[in-house]
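All remarks here apply to the structure that follows.
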Amino acid sequence: AHPSLKKGFTAIDGILDQVIKALGNLLLHPGLISLDFADIRALLQNKGRIQIAMGKASGRDAAQEAAKQSVSFPLLGKISLKKAKAVLFNIRGGKDLSLSEVEAATLIVKENSSSQAEFVFGVSIDETISDEVVVALIVAGGKITEEDKKPPPSSKQLDLGIHAGDELDIPTFLRKRKN
């Protein structure tokens, strides 16, 4: 069964909302190992197409589950982590986030990434969440194609077919019958 168009857009909106929040947290919340805009820019500059991914989980093994979700994130479509030139990885968890959880999540991301990729990670603690962990990835390395460089198609103004305004009082279906 195919989801309805409305459900599809609602799901996409939810994914984009989570990604934007994860990126905002990455830049705005100071961390134990902080990443700032300069880090992100230096890492990703001139590396090709950039994709974003995230994973979110709670409970036991939340960090590992969030990392698994991030490496299989649907928006990573065009870039394989195995071919990435750069991977920026951030993990955000509650005050109970342990070093072993961070290590386990990092290992999952590294195992799924190219051994040649530059790898930078950050860790932040968010006191407002308890057992939830969010893993955000920014991945660079896909080829920028000629198609990517083209400006988006612009819509052309359609001829409305009204040359003289004197026929506007006649309903459309009657005007069309005349022709």
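What to note about this one:
- Pair list, Cβ under 7 Å, 6 or more apart: the range 121-138 residue under 14 Å from Leu28 (Cα atoms), other residue among the charged types (D, E, K, R) and in a strand (DSSP E or B): Ser124/Arg92; Asp126/Arg92
A quick yes/no check of all residues on (1) part of a strand (DSSP E or B); (2) at pLDDT below 75; (3) of a type in the set (Val, Ile, Thr); (4) surrounded by 13 or more Cβ atoms within 10 Å (Cβ to Cβ):
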site: Ala22; (1), (2), (3), (4): no, yes, no, yes
site: Asn25; (1), (2), (3), (4): no, yes, no, yes
site: Gly31; (1), (2), (3), (4): no, yes, no, yes
site: Leu35; (1), (2), (3), (4): no, yes, no, yes
site: Asp39; (1), (2), (3), (4): no, yes, no, yes
site: Ala42; (1), (2), (3), (4): no, no, no, no
site: Lys47; (1), (2), (3), (4): no, no, no, yes
site: Gly55; (1), (2), (3), (4): yes, no, no, yes
site: Arg60; (1), (2), (3), (4): no, no, no, no
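The values are calculated or read from the model by the stated rules, or taken from the named source; none is laboratory data. Keep in mind that what you see is a predicted model, and the values were worked out from it rather than measured. Virtual Cβ from ideal backbone geometry, glycine too; neighbours counted across all protein chains shown.
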